1. Are any residues in the range 129-156 open to solvent by 20 Å² or more (accessible area, probe 1.4 Å) and hydrophobic (A, V, I, L, M, F, W, C), and if so, which ones?
2. Just one of Leu359, Leu337 is crowded, with 19+ Cβ neighbours inside 10 Å and without any contact (Cβ under 8 Å) to a residue 60 or more places away in the chain; which is it?
3. Name every residue in the range 141-170 that is acidic (Asp, Glu) and part of a loop (DSSP other than H, G, I, E, B), in order of residue number.
4. Can you confirm whether Arg194 is open to solvent by 60 Å² or more (accessible area, probe 1.4 Å), among the basic types (Lys, Arg) and over 23 Å from Glu102 (Cβ atoms)?
5. Within the range 217-227, count every residue that is surrounded by 20 or more Cβ atoms within 10 Å (Cβ to Cβ) and assigned to a helix (DSSP H, G or I).
6. Please indicate, with yes or no, whether at least one residue in the range 453-465 is at pLDDT 85 or above, surrounded by fewer than 14 Cβ atoms within 10 Å (Cβ to Cβ) and touching a strand residue (DSSP E or B) at 6+ places or on another chain (Cβ under 9 Å).
7. Please identify the pairs in which a residue from the range 536-560 that is under 22 Å from Gly508 (Cα atoms) has its Cβ atom under 7 Å from the Cβ atom of a residue that is among the acidic types (Asp, Glu), counting only partners at least 6 apart or on another chain.
8. Among the residues of the range 196-210, is any under 17 Å from Val142 (Cα atoms) and either outside any helix (DSSP H, G or I) or at pLDDT below 80 (or both)?
Amino acid sequence: MMLIRPPRFLSPSPTPGPREPRLHRPLDASRIFSSPRPPGRRSRPRPRLASPSTDLHRLTARIVDLTRRRQLAQIMEEVEATRRRVRGGGLLNTIVMNAVLEACVRCGDVDRALRLFEEMRGPTGCGVDGVSYGILLKGLGVARRIDEAFEILESIEKDSSIGSPRLSPHLICGFLNALIEAGDMRRANALVARFRKVLYEGHSVLLYNLLMKGYIKSNFPLGALTVKDEILRQGLKPDRLTYNTIISACVKSAEIDKAIRFLEDMKEEANKESNPELLPDAVTYTTLLKGLGNNRDLYSVLNIVVEMKSSLISLDRTAYTAMIDALLACGFIDGALCIFGDIIKHAGKNKDLRPKPHLYLSIMRAFATRGDVDMVMRLNKRMWPDSVGSISRAAKEEAHELLMEAAINNNQIDLARGLLRQIVSEKECFSWTSRVGLVAVKVESLSGFTNSLLTPHIFPQIILNDPVEKYMVPFQESQPLPADLILRKAVMRFLKDRAVPLVDDWGGCVGIVHRDDCTKLDAPLLSMSRGPPLCVPTSTTVEHVIDLLLREKSEMVVVVKSGNMYEGSYTSSSRPLGVFSLAILWSFTGDYSPESDMPDAGISRATKPKQDA
C-alpha cells in the first residue's frame, strides 16, 4: 500500500516577465586574492545595547561600592553623567536615588540629603517611598536635628506626606537607632512613648534590643536588665541578640558572675525549647572572654576556651584573637602561643584566619616584658609575610620599640642604645609617658649624660631645691599689658614673647595671654587668656614650678608673697612680685645661646641671679 502525500497548495506565482539584468559589483584585487573564510567560523555578532534597567542596576551597585569608601563626590559625578545619558529615555528611578540618599547620610552630608529628597518628591522628580523617609530620618537623627525628624514623623502620621508612606516599626527604628548610637536615651524613650502603639504592633524584640543597646551606650549598662524584665512581662521570647546584649551589659559593668549566669540561662533555654538559634555563638563567647580577661580569671578563661573549641560554632579570626588576648591578660603566655599555633595551622587552609598585625604586637608586648629578645625578634620578622592587611607606620614603630624594651629588660644595653638611636633618627617626637619614653628613660639613666643620645638640657646654674624667688623676674620688668587692650595694638609684642601677663586698673595680675591663643585682632587681651593665672608663693622650689608648667602646658607662672597664697582662685588683691617662665629656664641651660633656635617662651630679657660661692 502506497501513501501518497497530499499536494501542497502554493500561492499563485506571478507570471514571469522579462528578466532584469543583475548588477555585478566590480571586483577588486583584495577580494580575489584573499583567503576564503575558514569553515566553522561564524561572523562576529554585533554587540547589543544594554537596556536602561541593566545600566541602572550597575549604577546602583557602583553607588553602594563607593558609599563603603566614602567617595560622595565621585557618586554625584557619576549620577549626573548617567542623568545626561538617560535624559531622552526618562529619569533615574527611586531605587537609584535612594542609594544616593543613603550615600549622603553615610558620608555625613545631611544638607545635601535634604536637597536631594526635596528634588525626588518634586513635580519633576522620581518620587519617594518608605525607604526614602527611613533613610532621611536616620540621617537627621545622626546629625542631631531631632525637631526636623519629629516633624516628618508627625506628617507621616497625619497622612500629609508626599508618597503616602506608612508609619511602620522599621521606619521608626532607624531613627531610634540613630538616637541610641548618639547616647541620647532621653529622646529615645520619648520617641518610644510617642509611637508606642506603632512600635508594639509587630510584637518583636527588635525594639527592646535597641533599648538595651542604648543603655550600654549611655554608660548605664545595668539598665538593660530592666528591659529584659519588660520583655518577659510582655510575653515575648528573648532571642540570641537579646542575650548577647545583656551579657555585654554585664561585662561592661564588671558583673561577670551575672554574665556567666545569663550564659547558662541561654543554653538551658535553647535545650528546653530545642531551638539551636538560642545557643551561644562566637559573639557571646568573645564578649565573655573580654570580661574574664579584665578580671584575670584564668580558670574561667580556660573553661570558655575549651567550650568554644569543643562546640559546633565556627571560630573566626575575631574569636581566636579574643582567646589570645584573654590568656595574655591573665599572664598565661604558653596557652596564648598554643592558640596562636592553631591559627597559623588553620590559616594554611582558610586564609580568612590569617592573623592581623595587632595580634603579633600583643604577643610581642608580653615577651618584651619578659625580656625575651629572641621571640620578639622572631615575631617581628614573621609579622610581615604571615599577617593580613596593611601594617601601619605606628605598628612598625611599636615593633622596634618593643624590641628595644626586650633588650633593656634583658640587660642588653648596647642593643637597646642602637635601637634607640634608630628610633630617635626616624621619630620626630615622643612622649615621656609613652612606652618608648619610659624605656628611653631607662636607657638614658644607664648610659649617663656623657653618652646620651637625646642631648638633654643641663642647668649648671640652677639648683632645683632653691626657691623660685631666686630666679624670677620682677613683675614690672616683665612689662605687663592692660587687660582691656585690643590685640591689634599689641600684636608686635607677641612676635617677641610667647606669653605676656595682664593687669587690671589696680595693678593686679588677672591673666596670662599666650601667643598661640591670639586669634582675634579686634578682641581684648583678657578674652583670650586661659582663665586666672597660675600662681606660686615665693618659697616654692624651682623643681615644683617646672613640673607645674609642664603639667598645665603653660609658659609662665606668677610669683606672689607667701602670705597672699590662696587656696582657691587668684584674686587681684594679691600683688604679684614677679614671674617665672620657660624663657628664663632656657636662659640657664648649658648649651643656650641667644642666636639658637630654642623657643623664647615668656620674657625676652631674663636677668640671671648672682652666683653663690
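1. Across the range 129-156, the qualifying residues are Val131, Val142, Ala143, Phe150, Ile152.
2. Leu359
3. Correct list: Asp159 only.
4. yes
5. Qualifying residue count for the region: 2.
6. Yes, some residue in the range 453-465 is at pLDDT 85 or above, surrounded by fewer than 14 Cβ atoms within 10 Å (Cβ to Cβ) and touching a strand residue (DSSP E or B) at 6+ places or on another chain (Cβ under 9 Å).
7. The qualifying pairs are Thr538/Glu469; Val559/Glu469.
8. No.
The values are calculated or read from the model by the stated rules, or taken from the named source; none is laboratory data. Please read all numbers here as calculations on a predicted model, not as lab measurements. Glycine gets a Cβ as well: all are built from the backbone with ideal geometry, and neighbour counts include every protein chain shown. For accessibility, only protein heavy atoms count, side chains too; no ligands or nucleic acids. Shrake-Rupley method; radii C 1.70, N 1.55, O 1.52, S 1.80 Å.
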